[in-house]
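A.B. asks: My structure is below; once you've seen it, I'll send some questions.
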Amino acid sequence: MLGTQTSDDFSRSFAFTTKLDAIVAWGRKNALWPLPYGTACCGIELMSVMGPKYDLARFGAEVVRFSPRQADLLVVAGTITEKMAPILVRIYEQMLEPKYVLSMGACASSGGFYRAYHVLQGCDKVIPVDVYVPGCPPTPEAVLDGVMLLQKMIATQQPRPWKDNWKNPHDQA
């Protein structure tokens, strides 16, 4: 307290003004809850990003959830086969809005060096992807860069037409 000033008078002496959307975006970008979908060597690299050396917690993404209903960032790390595609779509659909997807590594982004009938040639064939992290496997620094890029997209409220126009490829129409 300042001298004889009461708490009511003190609270009226300053104002905090901003747009509500900016506050919500700030909260969302600094509180990402990732759901790791690691299927191959990229999953191991993702574990190193969560560890103490690279510490993804510095970016507000330390609360790793293994339930789609508690996560807002799906990290697809590794090879996705055709049999896994419907499960990946189901996990994506079970996530609550707003939801984001980070495709980690060459296999998740483009099928990698597997040009075979059983490997999905990129997870973007079945779910919308916000950020692609290149590499085989990608370095932890590249993954951190991808998370920071996603945070920038969230903070600036960048439109995401790839997500808005998405339709489940497994729905029978």
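A.B. asks: Identify all residues within the range 19-65 that are within 21 Å of P159 (Cα to Cα) and of a type in the set (V, I, T); write none if there are none.
C.D. replies: I23, V24
A.B. asks: Of all residues being more than 16 Å from I80 (Cβ to Cβ) and acidic (D, E) in the range 122-152, which is surrounded by the most Cβ atoms within 10 Å (Cβ to Cβ)? Just the residue, please.
C.D. replies: Of everything passing the filter in the range 122-152, D130 is surrounded by the most Cβ atoms within 10 Å (Cβ to Cβ).
A.B. asks: Suppose the filter is surrounded by 15 or more Cβ atoms within 10 Å (Cβ to Cβ), over 20 Å from V49 (Cβ atoms) and either more than 14 Å from the chain's Cα centre (by Cα) or of a type in the set (D, E) (or both); does Q158 pass it? Spell out how you get there, then give the answer.
C.D. replies: Values: surrounded by 15 or more Cβ atoms within 10 Å (Cβ to Cβ): no; over 20 Å from V49 (Cβ atoms): yes; either more than 14 Å from the chain's Cα centre (by Cα) or of a type in the set (D, E) (or both): yes.
No, not satisfied.
A.B. asks: Take the range 31-78 and flag every residue that is touching a Leu at 6+ places or on another chain (Cβ under 8 Å) and among the β-branched types (V, I, T).
C.D. replies: Listed by number, the residues that qualify are V49, V64, V75, V76.
A.B. asks: If the requirement is being part of a loop (DSSP other than H, G, I, E, B) and at pLDDT 80 or above, which of these qualifies: V24, V63?
C.D. replies: Details: V24 fails: part of a loop (DSSP other than H, G, I, E, B).
Unique residue meeting the criteria: V63.
A.B. asks: Here is a further query. For the range 51-60, give me the residue count where each residue is part of a helix (DSSP H, G or I) and surrounded by 12 or more Cβ atoms within 10 Å (Cβ to Cβ).
C.D. replies: If we filter the range 51-60 for residues that are part of a helix (DSSP H, G or I), which is where we start, we get 56-59.
Next, only the ones that are surrounded by 12 or more Cβ atoms within 10 Å (Cβ to Cβ) stay: 56-57, 59.
Qualifying residue count for the region: 3.
A.B. asks: Restricting the search to the range 61-90, which residues are under 14 Å from the mean Cα position of the chain (by Cα), aliphatic (A, V, I, L, M) and crowded, with 20+ Cβ neighbours inside 10 Å?
C.D. replies: A61, A71, L73, L74, V75, V76, A77, listed by residue number.
A.B. asks: When the range 153-163 is examined, which residues are found to be within 19 Å of I80 (Cβ to Cβ) and of a type outside the set (K, R)? Spell out how you get there, then give the answer.
C.D. replies: Pass one, the range 153-163, residues within 19 Å of I80 (Cβ to Cβ): 162-163.
Residue satisfying the conditions is W162 alone.
A.B. asks: For the range 54-89, which residues satisfy the criterion of being touching a His at 6+ places or on another chain (Cβ under 6 Å) and of a type in the set (D, E)?
C.D. replies: Of everything in the range 54-89, just one residue is touching a His at 6+ places or on another chain (Cβ under 6 Å) and of a type in the set (D, E), namely E82.
A.B. asks: Answer yes or no: is there a residue in the range 81-96 that is of a type in the set (S, T, N, Q), modelled with pLDDT of 90 or more and under 13 Å from T39 (Cα atoms).
C.D. replies: Taking the range 81-96 first, the residues of a type in the set (S, T, N, Q) are 81, 94.
Filter again for modelled with pLDDT of 90 or more, leaving 81, 94.
When the remaining residues are screened for being under 13 Å from T39 (Cα atoms), the result is 81.
The answer is yes, given that some residue of the range 81-96 is of a type in the set (S, T, N, Q), modelled with pLDDT of 90 or more and under 13 Å from T39 (Cα atoms).
The values are calculated or read from the model by the stated rules, or taken from the named source; none is laboratory data. Worth saying up front: this structure is predicted, and the values here are computed from it rather than measured. Every residue, glycine as well, gets a Cβ built from its backbone with ideal geometry; the counts of neighbours run over all protein chains shown.
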